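A short worksheet on the structure shown next.
What follows draws every value from the coordinates through simple rules; no lab data is involved. As the structure is a computational prediction, the values presented were derived from the model and not from experiment. Reconstructed Cβ throughout: ideal geometry from the backbone, glycine too, with neighbour counts over all protein chains shown.
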C-alpha cells in the first residue's frame, strides 16, 4: 500500500515578498515572507509560524512547495529570532502572537478569505495554540510529530525528560544559525556529554548550551507544581473545539506520539473526523516530513480547493513494524483489538493470562505447573537495587534529536538493576496495535522512585529490540501504598503497531531508570534543579495471585 507522493509538476511560478512587518498586540513586530502563485487570484493562504527561521529548507519546502500548487504561503518567524522582535519565551506567546498574525492576514488585500496552517513539532504546537479561536475562515490544519501541549512530554510519567529538554534548550541557544546545519548535528553529542557529567541538573544548560537558558530553568523550577507555568501553554482542553479539518502525522518512536493520539481521541470524542498517519519514524527523521507535506497538499486541496481526489478512503493509516507494511483503518484505537494481560511469572517468565484462542495455532507455548497461567503461583517478589550514583542507562527509546529506532538491548539486560521477563516462543505471527500499559505491584525502599517498563521483541538469534516503553515517577502517597507498603502502579507506555513474528518472544523489562533520557531519581525528593544527595532504592516487584503484575498489550485477533 503506497503512501501519497508529492506531485512533480509545477503549476505556477512563484513570487516572494520578504520581511513583511506583522504587528503584535504589545507593539513587537514579527517578520514574515509571503509566497504567491503567479496567475492565481486571491487563492487560499497557508500559514506557517516557526521559531527556526523562514528561509532555507522552510522557504523551499513550505513556501515554494505549496505556492507552486496554487496556494499563498506566509512563513513567519516567531518572536525573538531571525529578525522578529521581542524575546523568545518558548510556547508562551504563540496564542496571542498567532491570533494577531491572523488579524493582520485578514487585513491584506491579497487575502482570499480561506486559510490553512501547516508544520511539524513546535510549528504544529503553534497551530493548536490558535486553532480553537481562529474563526471560520480556518478550514484545515496539517500537524506532524507534535501535540497540543508539551508538558507531559517534558515530565513524562512525572519524571523529567532530561535529554530531550536539554537538546531543545541547546538548539534554541544557537537559533540564528541555519537550521539543520552543523551546529544542530552536534547538539545530541553535546547534550549527552552534559547530561552524563554528574553535575546538578540546574548547571546542565550552561554545560550544553554555553549559557544559562531561562526555559530549561523554568522546566526544572515548575516540575513539582507545573500548573501555574503550563496553564497558558496547554491547549489540550480545547482540541475538541477545533472546527477545521485536521490531519496528523506521527511516528512510533516520536517523543510526542502518546499526546498526539490523545489529541486525535479528543477530536473524535467531539464528533470530529481527523486523519491520522503513524509511520516507523522518530522525531528528527526526515522521512515523516516528506509524507506530511504530501498528505498536507492533498488535505488542503480537498478542504480549500474542493478537490478530494487525493484523499484516502480510511482516516487512519498505520505502518505495522515487524510486518513492514501499511494498513488503513476506520479509527484509532483499531476496532476489534482487545487488551491481553501478559503476566510476570516466577523464574522471570512471561505469559498471557487468557489466550485469545486456547489450544489454537496462535496460542503461545505456556508451561504448566507453579509458574503457569492458572494463577497458582505464590512466588516471592523479584528484587533489584537502583543506585542513582550509577543510574540504569537506556539503549534507544524516544528522544528529540538523534535516531530513536529500536536497538539491541542485550547489553542492558545483563545488568543487575534490570528485571527481564521473557515469554514463550510464539507459534504464529502475533500483532499488537494500540495503547500499552503496565499494571505492577511495587514496593520501594524509599518514597521517591521511578519505575521504567519496556517491551522488547526477541528474535530467534537472541537479539532483543525495544518496541515501546514508559516511566512512572513515584512520590510519597502517589500512588498510595497499602499497610504492607505495596503500591499498585500504572505505567503508560508508548502505543505500538507491531507484529511479533512466529518464533520470536515477547520480553518485558522493569527497571528504576533510563538515564540520561530520563533524569535519574535521587531518591530524596530534593528540588529537581539543585538536588545532589543520593539514596539507593531497593525495589520489589510482586507477581503472586494477590498481586498479578502484568503488561497489557493490544492484541489483534487472528
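Taking the C-alpha atoms only, the angle from helix 182-195 to the longest principal axis of the chain is near 30 degrees. Here the relative contact order of the stretch 244-349, from alpha carbon pairs under 8 Å that lie six or more residues apart, stands at 23 percent.
Normalised by the number of residues in the chain, the average gap of Cα pairs under 8 Å and 6 or more apart makes the relative contact order 14 percent. Working note: 222 nm ellipticity from helices only, DSSP H runs with n ≥ 4, each -39,500 (n - 2.57), summed and divided by the residues of the chain, gives -5500 deg cm²/dmol to the nearest 500. In the chain, the longest principal axis of the Cα atoms and the axis of helix 94-106 are about 30 degrees apart. P(r) tail for the stretch 21-123: Cα pairs beyond 23 Å make up 21% of the total. Spin-label model, residue 186 to residue 103: label points 7 Å out along the Cα-to-beta-carbon direction sit 4.3 nm apart.
Given R0 = 25 Å, the distance between the Cβ atoms of residue 326 and residue 425 translates into a calculated FRET efficiency of 0.35.
Each of residue 42 and residue 196 was given a label point 7 Å from its Cα along the Cα-to-Cβ line. The distance between the two points is 6.0 nm.
DSSP beta bridges in the chain, what fraction antiparallel, as a percent rounded to 5? Percent antiparallel among DSSP bridges in the chain is about 70. Between the helical axis of 286-304 and the longest alpha-carbon principal axis of the chain there is an angle of about 50 degrees.
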